[in-house]
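Please treat every number below as a calculation from the coordinates, not as lab data. Bear in mind the structure is a predicted one, so any value in this text is a computation, not a measurement. Neighbour counts are summed over all protein chains in view; Cβ atoms, including those assigned to glycine, are modelled from backbone coordinates with ideal geometry.
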Amino acid sequence: MHPSHIKIEDYNYKLPEKRIAKYPLTNRDDSKLLYLNSGRPEARKFRELPDLLPADSLLVFNETKVIQARLQFRKKSGANIEIFCLEPVEPSNDFQIAFQQPSPVVWECLVGNAKRWKDEPLELIISQGADEIMLTAEKTGRTGDAFLISFRWEPQHIPFSEIIELTGKVPLPPYLNREAEESDKKRYQTIYARHDGSVAAPTAGLHFTDRIFEELARKGIETEQLTLHVGAGTFKPVSSETIAEHEMHTEHIVIPVEALEHMSRKAEDHIIAVGTTSLRTIESLYWMAVKLDNGDESFKINQWDPYELPQKMTGKEALQILIKYADDHRLKELKGQTQMIIAPGYRLKLAKGLLTNFHQPKSTLLLLVAAIIGNKWKSAYNFSLQNGFRFLSYGDSCLFLYE
């Protein structure tokens with residue numbers, strides 16, 4: 001059955017409000033770890049992770065960094081307008097370049113209380129020590145549910161990254177139902193985050209500490225890094241009866257060629273994705289190679305490509321195709337986009353496991369989990385609800401190895 005026929009109601013469960021972790025634990029690695037041992041759920045500690053991983057594992061991490069994407073403006077009438085920066089448009093749509101741009105820039109944004117904002121520019125005074133920065137926002141167009149917003153500021157030479165760092169707020173998930181606090185700037189961020197661009201944290205990585213990394217190294221477990229900038233669409237619920245009518249969000253990915261080479265060497269071992277974003281990136285690589293092998297150099301994976309493109313190569317062969325392309329074009333990294341949905345019926349091509357948090361009912365991320373462990377997700381989640389696990393972004397973690 002094509003996954004588009006899946007009924008989302010079959011991936012529903014009751015999540016009491018008290019099971020949602022509103023704040024992180026004091027120590028990141030004090031969290032619990034749900035481990036499926038021969039299909040049976042067990043409650044373990046996250047600190048036990050190095051002992052639970054296969055000895056030949058390669059853990060793949062997402063190095064994206066959460067930006068303070070929520071900007072609060074107040075109109076002269078007193079109305080509050082929130083501008084939620086999603087991705088850059090002009091003068092560059094490359095995140096790393098866009099953050100270094102001086103005034104002006106154009107971003108695609110969501111706007112809260114948009115009906116109260118007509119066409120007049122919004123102004124915000126930002127304090128920078130003894131100096132002040134005047135930030136102006138103006139609507140210049142629309143794209144779907146989002147707006148194109150032109151930001152200008154004085155002094156003009158200041159990079160946009162500094163503007164949002166000075167005035168923006170951490171974009172906490174809406175289901176936390178609370179305002180971002182100063183502590184969230186550090187805790188809603190992995191300790192290895194490097195590349196600005198996400199509006200949601202790759203939360204499976206929030207549990208890692210220097211102590212865990214030291215233990216992984218001591219056991220000879222290898223690690224690798226890539227980047228997928230998480231978009232706000234990751235929280236978009238499936239509102240249609242089947243997922244055929246659900247449009248997956250598109251996210252930007254960056255993969256160093258060194259990471260491709262590392263994964264190629266480990267392709268027949270246990271490549272384990274740290275987080276659903278890492279998994280979507282790893283699996284997208286396979287389909288990029290398939291498209292490249294058919295003359296398509298777009299490096300864009302559409303929602304249903306994995307269910308409609310031919311599957312005629314191994315994971316190692318796919319990685320070697322990408323490496324050769326990068327070598328031929330003298331590239332140090334590959335950049336692309338992915339809209340792929342991983343749902344029951346999909347078979348993993350490169351990854352052999354997933355470390356992840358617990359996900360919302362009727363979400364595409366829960367579909368992803370079900371693609372890996374099948375209907376065992378129900379018993380795993382029920383066990384976790386009955387045994388005091390904390391759910392969602394600031395909650396506990398799970399280790400699922402692909403059978």
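Find how many whole Å separate the alpha carbon centroid of the stretch 128-182 from the alpha carbon centroid of the stretch 36-115.
Rounded to whole Å, the Cα centres lie 14 Å apart.
Hey, got the Cα dimensions of the stretch 119-198 along the principal axes, in Å, largest first?
39, 36, 25 Å, listed from the longest principal axis down.
Within the set of other residues whose C-beta is less than 13 Å from the C-beta of residue 106, count the net charge using Lys and Arg as +1 and Asp and Glu as -1.
That sum, taken over residues with Cβ under 13 Å, equals -1.
When only C-alpha pairs under 8 Å and at least 6 residues apart count, what is the relative contact order of the chain, in percent?
Relative CO of the chain lands at 23 percent.
Using only C-alpha atoms and all pairs of different ones, pull out the Kirkwood radius for the chain in Å with one decimal.
In the chain this quantity evaluates to 22.2 Å.
Please compute the net charge surrounding residue 212, taking Lys and Arg as +1 and Asp and Glu as -1 over other residues with Cβ under 13 Å from its Cβ.
Net charge around residue 212: -1.
Amide H of residue 65: which non-local residues (sequence gap of 5 or more, or other chain) have their own amide H closer than 5 Å, using H built in the peptide plane?
Sorted by chain and number, the residues that satisfy this are 194, 195, 196, 197, 198.
Please state the charge dipole magnitude for the stretch 312-403, taken about the Cα centre, from unit charges on C-beta atoms (+1 on K and R, -1 on D and E), reported in debye and rounded to the nearest 20.
Dipole about the Cα centre, nearest 20: 140 debye.
So in the chain, what percent of DSSP beta bridges are antiparallel if you round to the nearest 5?
Antiparallel bridges: around 70 percent, rounded to the nearest 5.
What is the Cα centroid distance between the stretch 315-392 and the stretch 237-267, reported in whole angstrom?
Cα centroid to Cα centroid, the span is 8 Å.
Kirkwood hydrodynamic radius of the stretch 70-168 from all distinct Cα pairs, in Å?
Mean inverse Cα-Cα distance, inverted, gives 13.6 Å.
Just need the relative contact order of the stretch 70-168 here, percent rounded to a whole number, with Cα pairs under 8 Å and 6+ apart.
29 percent
Averaged across orientations, what area in nm² does the convex hull of the alpha carbons in the stretch 1-159 project?
16.7 nm²
Convex hull volume of the Cα atoms in the stretch 113-152, per residue, in Å³?
That works out to 81 Å³ per residue.
When only C-alpha pairs under 8 Å and at least 6 residues apart count, what is the relative contact order of the stretch 246-375, in percent?
Reported as a whole number, the value is 39 percent.
Could you compute the longest span of the chain free of trypsin sites (Lys or Arg not before Pro) located in DSSP loops and having at most 13 other Cβ atoms within 10 Å, not counting the site residues?
Between exposed loop sites, the widest span is 220-311.
Could you compute the net charge surrounding residue 253? Neighbours are other residues with a C-beta less than 12 Å from the C-beta of residue 253; K and R count +1, D and E count -1.
The answer is -1.
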